[in-house]
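Scroll down for the structure; my scribbles are underneath it.
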2 protein chains.
Amino acid sequence: MNVRLMNSNEKIAAVLASTLKLIQTNGFHGTPMSKIAQDSDVAIGTIYHYFPSKDDLIFALFKHCRTLLNDYIFDGIKDDFDYKDSFIHIWRNFVKFYLENGHIFSFFEQFFSSPYYEKNKAEIQEPVGGQNKVVDFLQEGIDRKILKQVDVHLLVASYIGVALSTVHSIKFKDLKFSEQNVEDLIGIIWDGAINREKNN
Amino acid sequence: MNVRLMNSNEKIAAVLASTLKLIQTNGFHGTPMSKIAQDSDVAIGTIYHYFPSKDDLIFALFKHCRTLLNDYIFDGIKDDFDYKDSFIHIWRNFVKFYLENGHIFSFFEQFFSSPYYEKNKAEIQEPVGGQNKVVDFLQEGIDRKILKQVDVHLLVASYIGVALSTVHSIKFKDLKFSEQNVEDLIGIIWDGAINREKNN
DNA sequence: TGCAACCGAATGAACGTTCGATTGATGAAT
DNA sequence: ATTCATCAATCGAACGTTCATTCGGTTGCA
């Protein structure tokens with residue numbers, strides 16, 4: 001796919017937007033190319049002009065959404081934030097992003113649990129991806145002895161796992177979204193993550 | 001579906017087993033009835049004799065797997081366990097179950113992120129399901145002031161979210177499965193969950 | 001004039017489901 | 001003891017639909 005065209009062309013944007021929208025409601029395989037064409041007002045032939053196959057379209061959509069997420073979660077980190085402030089800010093952004101972009105959350109949930117993801121894992125894991133920025137951030141906390149002295153991937157799993165599970169619960173009505181609840185959750189993951197030898 | 005027949009008939013068991021197996025590799029929609037019939041050595045017509053549709057088959061498989069999970073995670077809880085022991089034991093069982101039954105984990109991930117789940121949510125949420133046993137167990141910890149005084153669903157989201165995220169990471173090789181890592185993870189979620197006013 | 005962008009009817013494969021036929025076990029009737 | 005009727009269990013070819021993809025053609029810019 002030609003990235004320049006994808007960005008400059010409204011048709012491509014419309015196709016991606018429609019695909020995202022339709023997948024939330026109808027799922028991966030309940031979203032035929034014909035409906036994408038119809039919803040986006042772009043002819044099937046034109047879609048195939050830009051995306052060699054439906055898989056390529058899904059893949060491009062994934063990369064597009066991942067970029068949005070990565071740009072979002074590290075946004076607004078001030079230089080004068082101490083580590084804990086950043087820890088909280090990033091986590092909050094993470095949850096906020098998914099709540100504000102429910103269609104992306106749905107898409108990611110489906111994408112990551114599909115065998116499609118498993119097949120393309122190698123290509124998906126970027127050397128400088130957003131997930132890795134989270135890894136780097138948490139590793140910094142470990143190195144500075146602020147966080148527990150454990151394998152960073154355990155902290156990543158906890159940090160992200162709680163966020164995803166929270167969004168899922170909110171989406172499916174187990175959980176009410178309120179400022180109090182978000183603060184309580186942050187209390188839970190912060191207390192879990194910090195190095196209790198060094199902090200209160 | 002007739003439960004008595006499902007349990008007594010080897011064909012039904014074979015169909016469910018094949019479906020589970022094929023879904024892990026090929027996914028929900030990459031598993032046609034024809035392949036299930038072929039793999040399980042049961043004729044398509046016979047499958048439709050027991051399951052009115054493919055959706056019903058998937059649904060029955062879901063209920064079957066959920067029963068297996070629920071039976072597993074609360075197994076081995078001794079009466080002389082104190083609350084923390086039980087908290088850890090159940091969490092450990094949760095992770096162990098999914099690691100030992102990777103095909104069920106795959107199936108659940110796909111099932112819960114599919115629009116299919118969203119459609120049937122009402123029917124899926126049992127009054128006395130296993131997820132609710134976890135809710136009850138964590139609520140007990142709140143009532144006894146052992147856990148944080150927060151909405152129980154926040155603790156459920158954390159408890160389960162970390163477990164799922166952990167299994168996912170192990171499955172996709174970010175994380176090595178070792179006793180040390182499991183102990184560190186338990187440290188993280190326990191520290192996160194406990195009421196720090198009352199505990200050390 | 002050339003070439004990329006664009007179009008959508010047509011194609012062929014794959015899928016969920018149906019249905020008419022066959023088997024075999026059960027038990028009532030003779 | 002034998003026959004027969006019944007019906008659930010079994011089977012898989014066939015049906016109709018849906019879908020991803022193709023392709024021959026048109027448009028419009030450079």
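The values are calculated or read from the model by the stated rules, or taken from the named source; none is laboratory data. Remember, predicted model here, so these are calculated numbers, not experimental data. Reconstructed Cβ throughout: ideal geometry from the backbone, glycine too, with neighbour counts over all protein chains shown. The protein model used for the area step is the full one, side chains on, heavy atoms only, and it has no ligands, DNA or RNA in it. Shrake-Rupley method; radii C 1.70, N 1.55, O 1.52, S 1.80 Å.
Quick one: is A:D174 assigned to a helix (DSSP H, G or I) and either among the hydroxyl-bearing types (S, T, Y) or more than 16 Å from the chain's Cα centre (by Cα) (or both)? The answer is no for A:D174. Of all residues in the stretch A:52-99, exactly one satisfies the criterion of being open to solvent by 70 Å² or more (accessible area, probe 1.4 Å), among the charged types (D, E, K, R) and either within 14 Å of chain B (Cβ to nearest Cβ) or within 16 Å of DNA strand C (Cβ to nearest atom) (or both), namely A:D55.
Please state which of the following conditions B:L164 fails to meet, knowing it meets all the rest: (1) more than 9 Å from chain A (Cβ to nearest Cβ); (2) open to solvent by 30 Å² or more (accessible area, probe 1.4 Å). If we test B:L164 against (1) more than 9 Å from chain A (Cβ to nearest Cβ); (2) open to solvent by 30 Å² or more (accessible area, probe 1.4 Å), just (1) comes out false. Residues that are under 14 Å from B:I189 (Cα atoms) number at least 1 in the following helices (runs of 4 or more DSSP H) confined to the stretch B:100-171: B:130-143, B:152-171. The one condition from (1) in contact with a Cys (Cβ under 9 Å, 6 or more places away or on another chain); (2) within 16 Å of DNA strand D (Cβ to nearest atom) that A:F108 does not meet is (2). Exactly one residue out of B:V15, B:V42 is within 16 Å of DNA strand D (Cβ to nearest atom), assigned to a loop (DSSP other than H, G, I, E, B) and aliphatic (A, V, I, L, M): that is B:V42. Of the residues in the stretch B:178-192, none is modelled with pLDDT under 95 and within 7 Å of another protein chain (Cβ to nearest Cβ).
B:L22 - would you say it is among the aliphatic types (A, V, I, L, M), more than 30 Å from B:D184 (Cβ to Cβ) and away from DNA strand D (no atom under 16 Å from the Cβ)? Yes.
Within the stretch A:25-39, the set of residues being hydroxyl-bearing (S, T, Y) and away from DNA strand D (no atom under 12 Å from the Cβ) comprises just one member, A:T25. For residues that are farther than 26 Å from A:E100 by Cβ and out of contact with any His (no Cβ under 7 Å at 6 or more places or on another chain), tally how many sit in the stretch A:12-41. Of the residues in that region, 5 qualify. Contact annotation: residue pairs with Cβ atoms under 6 Å, 6 or more positions apart or on different chains, pairing a residue in the stretch A:21-42 that is more than 13 Å from every other protein chain (Cβ to nearest Cβ) and more than 15 Å from A:D55 (Cα to Cα) with a partner that is among the basic types (K, R) and within 13 Å of DNA strand C (Cβ to nearest atom), are A:V42/A:K11. For the criterion of being within 8 Å of DNA strand C (Cβ to nearest atom) and touching a His at 6+ places or on another chain (Cβ under 8 Å), B:H49 fails. Criterion first (open to solvent by less than 50 Å² (accessible area, probe 1.4 Å), outside any helix (DSSP H, G or I) and assigned by TED's automatic domain parsing to the domain that holds A:S86) does A:L185 satisfy it? No; evaluated as a whole, the condition is false for this residue.
From the list A:Q125, A:Q180, A:Q139, A:Q149, exactly one residue is open to solvent by 10 Å² or more (accessible area, probe 1.4 Å) and under 26 Å from B:F108 (Cα atoms). Which is it? On inspection, the qualifying residue turns out to be A:Q125.
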